[in-house]
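Contents: one structure, followed by commentary.
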Amino acid sequence: MCMLKLVNRQNYLSSTYIPMHLVQDPISKIWLSETVLNAFSNLNTALIKDGMKPLVLVSGYRPYDYQKMLYDKKIDFFKQRGLCEDDAREQASKIIATPGCSEHQLGLAIDVTSYDMKDLEDPLTRDFEEKAEALWLSQNSSQYGFILRYPKNKTEITQIAYEPWHYRYVGRHDAIAMQELGMCLEEYSHYTY
């Protein structure tokens, strides 16, 4: 599996794509690539050593059909607020990746939250960025192979809204390089090829 595989609106996965080596996290019961789960466990161990509570996995691997359900649900949400079908789809695609265009289908992406936010109705909010764990993650995630996938200053390039909770595993070497270069995955993909 290529850790740098770019999945977005221009580079999508088939509806039948299922990654190899998926394992289930024993705590959250969320499925991830085995490599990602090991890296996430090491990251949480370091976070605890630094005096914080471990991060909580909210999402990992998502099959195509599950992503489609989330996307359709978001379209319905916007339609109920008065948007026409086309406008509802456009708004939904800024928040939820269209089916086949989600990195979660790779098994390499995780959504995380802080321990004290885990029981909220929606634990994936921008409030996470204000938590000590989020600051630690932004400074240290590359050491464990993760990148903040949709940074605030790269929305024009990623075409996805800022998500302080969404991290992507790319491997330690590339994660450190991307952080040092200040690049998102779209930029780095062109830089390395």
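The values are calculated or read from the model by the stated rules, or taken from the named source; none is laboratory data. From a predicted model like this one, the values you see are computed outputs, not experimental measurements. All Cβ positions, even for glycine, are placed from backbone atoms using ideal geometry, and neighbour counts span all protein chains on display.
Taking first residues from the stretch 151-171 that are closer than 17 Å to Gln91 by Cα and in contact (Cβ under 8 Å) with a residue 12 or more places away in the chain and partners that are surrounded by fewer than 19 Cβ atoms within 10 Å (Cβ to Cβ) and hydrophobic (A, V, I, L, M, F, W, C), the Cβ contacts under 7 Å between residues at least 6 apart in sequence or on separate chains come to Ala161/Ile95. Of all residues in the stretch 65-109, how many are hydroxyl-bearing (Ser, Thr, Tyr) and touching a residue at least 40 places away in the same chain (Cβ under 8 Å)? Number satisfying all stated conditions: 3. Which one is farthest from the chain's Cα centre (by Cα) among residues in the stretch 163-193 that are surrounded by fewer than 16 Cβ atoms within 10 Å (Cβ to Cβ) and outside any helix (DSSP H, G or I)? Step by step, filter the stretch 163-193, then rank; the result is Tyr193. Does Ala46 count as over 16 Å from the mean Cα position of the chain (by Cα) and at pLDDT 95 or above? Yes, satisfied.
Does the stretch 96-105 include one or more residues that are modelled with pLDDT under 95, closer than 25 Å to Lys152 by Cα, surrounded by fewer than 18 Cβ atoms within 10 Å (Cβ to Cβ) and of a type outside the set (Gly, Ala, Ser)? Within the stretch 96-105, one or more residues are modelled with pLDDT under 95, closer than 25 Å to Lys152 by Cα, surrounded by fewer than 18 Cβ atoms within 10 Å (Cβ to Cβ) and of a type outside the set (Gly, Ala, Ser).
Does Ala92 satisfy being among the aliphatic types (A, V, I, L, M) and either under 24 Å from Gly182 (Cα atoms) or touching a His at 6+ places or on another chain (Cβ under 9 Å) (or both)? Walk me through it before giving the result.
Details: among the aliphatic types (A, V, I, L, M): yes; either under 24 Å from Gly182 (Cα atoms) or touching a His at 6+ places or on another chain (Cβ under 9 Å) (or both): no.
No; evaluated as a whole, the condition is false for this residue.
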